[in-house]
Structure formats: structure tokens, C-alpha cells
Amino acid sequence: MSKISWKPGTMLFPLPPVMVTCGTMEKPNVLTIAWTGIVNSEPPLTYISVRPSRFSHAIIAENKEFCINLVNLPLAKACDYCGVKSGAKTDKFKDMNLELEACSQIKAPQLKASPVTLECKVLDSDKLDTHEMFLAEIVNVNIDDKYVEEDNRLAVEKMGLVAFAHGRYYTLGRDLGGFGFSVDKTKENKTKPRKSKFMEILKIEEQLKEGTLKIKDKKPSLKKALAEKKATAAKHNKRSRKHFLQIDRRRHTKKRTPQTSSSQSNNK
Ligand SMILES: Cc1cc2nc3c(=O)[nH]c(=O)nc-3n(C[C@H](O)[C@H](O)[C@H](O)COP(=O)(O)O)c2cc1C
């Protein structure tokens, strides 16, 4: 095995593609950012690097705040769209049916559909050659309560988070163990990793919409059965939607059809 030398480049991946909302509830904008990360723990500090040519750049530079919205599978298409279209020319919220919610510590809005949002206040900025880097403090975090378990554990494996690597989007892969698993021999780390059925559920939902799902028997349609079960679940608030979908999948599906591949962009 030998390594081939490539020219220097931004080949650090996977990265989280995030949707950064800025402006105000009345005059908002959103753009996709991959150049982001954490740079300090206490206080929690993050950064985003934005090209001055972006419509959002002037808004962030002026308002000195923004909201980082993590992206999961249902948001993936909107994430890509908001990374190729400019708020100077179109209303991306309207185009992608994105609902906004007020943040508690900043004027910039958050995306309702995002599983985790970070409210950020700009502390400093640095004009680099191609981008301006905004260093910001994370002043509040909002989590969709459907991902917080009864014991307060954050069920990241249920979120269906998206990663961005070398110009393509991916879902997260297998759970390999918790922080310190290499030395930690506790029961938690010996047991099977948490498996996410998120992709399977989405495929089933897609097939239901398209009407391509094959149902074995002559029982009432799966769509109707699912709707009934979902309604019961919501009413009693006892069992998760995921659980019902899994049960119904096992009962009614014969086979799944392959999903279409995700779109690609390298326009950072
Ligand atoms: C996956 C992805 C990641 C991106 N990352 C960045 C980034 O880190 N910085 C940046 O300035 N633009 C980035 N872009 C491009 C902007 O999101 C894009 O130019 C967008 O249309 C700007 O929107 P605006 O003009 O409404 O601000 C990225 C685009 C995609 C699709």
C-alpha cells in the first residue's frame, strides 16, 4: 500500500452540513454551511465561515447573531436547496415549506423541523482570503422533545442526521459504541449498538406516498392501518411512531424497492 500525494485542499470530512438562519422572524434568511465546528467547551464556542458574496453575509455581519440548525433526512433536500439558491433572489422558506420559530436568546429565527438548533451570538470575526469566519458563543440550545427519552437521554440515533463528505450527503452509519468504549467494559458498551430504523421508515413512507409498496394479504390497506395506528399512538402517547411503523412493516411488507441516490453539491 502506498499513499498518493494530492494538492492541499479542504479534505476534512465528514462534516455536518448545517442550515444557518439569520435576520429576524419578520425578515429572515437561511443558507447552508459546511465550514463550521466547535472551538471551545466552556463557554461553548462555534464558528461559521461565510463568503462575503453570500446574501446572508451582510445580515450576519450586521446583526451579529445566527442560529445553527442541524440537518436530518427530512431536511436534506431543503439543506441542499438553501445551499444553491440565494435569499437575494427567492424566498427559500416558502420554496421549501420551512416553518420558523422564534429563538429565546437571539432575534434570528430557528427552523421548526430541525432536531437540534444552536442559538449563537457573534463574538469576533476574521476576514480570511475567501471567507469571513464568525466566532460565536452558543447561548442556547433547542432540542425537539421527541428525541429526548424518558430518562433524559438524547436519542441521537433516532434523528437521522446527515453528514457531508467530499461533495456528497450521507446518513450516519452504525453506532460503534460510546465515548471511551475502547477502555470501558461496562454492560452498556458490551451490548449491541443502537440501530436506527430511520432510513427504513422513510423508505416505507415514500413508497406509501408513491403507492409502490407491495402488500401481501387482503387486509385493509397498510396506509389505512398505519394511519389508524398513528392516531392511536398520538392519542395515548404511549408507543412511538417508529415502533408502530416497524411492527406494520414486518406484518405487511414483502420487499422494499431501492431508494434513489442523493444529490451532490460541492459549492462552498
Ligand atoms: C453542502 C453545502 C455547504 C456549503 N457550505 C458553505 C460554507 O461553509 N460557507 C459559505 O459561504 N457557503 C457555503 N455554501 C454555499 C451557500 O450555502 C450558498 O451560496 C447559498 O446559496 C447562499 O445563500 P444566500 O445568498 O441566501 O446567503 C454551501 C453550500 C452547500 C450546498
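Figures for the structure shown
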{"item": "Test: residue in the stretch 70-79 that is near the ligand (Cβ under 8 Å from one of its atoms) and not in a loop (DSSP other than H, G, I, E, B)", "result": "yes"}
{"item": "Condition met for M19 (of a type in the set (A, V, I, L, M) and either away from the ligand (no atom under 15 Å from the Cβ) or part of a loop (DSSP other than H, G, I, E, B) (or both))", "result": "no"}
{"item": "C82, sole failed condition from (1) within 9 Å of the ligand (Cβ to nearest atom); (2) loosely packed, with under 15 Cβ neighbours inside 10 Å; (3) not β-branched (V, I, T)", "result": "(2)"}
{"item": "Residues satisfying the stated conditions in the stretch 158-174, i.e. more than 15 Å from the ligand (Cβ to nearest atom), charged (D, E, K, R) and touching a residue at least 24 places away in the same chain (Cβ under 8 Å)", "result": "K158"}
{"item": "Every pair of residues 6+ apart whose Cβ atoms lie under 9 Å, when the first sits in the stretch 29-56 and is in the same structural domain as S114 (by TED's automatic domain parsing) and part of a loop (DSSP other than H, G, I, E, B) while the second is modelled with pLDDT under 95 and not polar (S, T, N, Q)", "result": "A34/K268; W35/K268; R51/K268"}
{"item": "Qualifying residues in the stretch 23-55 (those that are over 20 Å from the mean Cα position of the chain (by Cα) and of a type in the set (S, T, Y)) - the one farthest from the ligand (Cβ to nearest atom)", "result": "S41"}
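Let's see how each residue does on (1) closer than 21 Å to L161 by Cβ; (2) crowded, with 17+ Cβ neighbours inside 10 Å; (3) at pLDDT 95 or above; (4) over 15 Å from the mean Cα position of the chain (by Cα):
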{"position": "K94", "(1), (2), (3), (4)": "no, no, yes, yes"}
{"position": "S114", "(1), (2), (3), (4)": "yes, yes, yes, no"}
{"position": "T130", "(1), (2), (3), (4)": "no, no, yes, yes"}
{"position": "I143", "(1), (2), (3), (4)": "yes, no, yes, no"}
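The values are calculated or read from the model by the stated rules, or taken from the named source; none is laboratory data. Because the structure is a prediction, the values reported are computed rather than measured. Cβ atoms come from the backbone with ideal geometry, glycine included; neighbour counts cover every protein chain shown.
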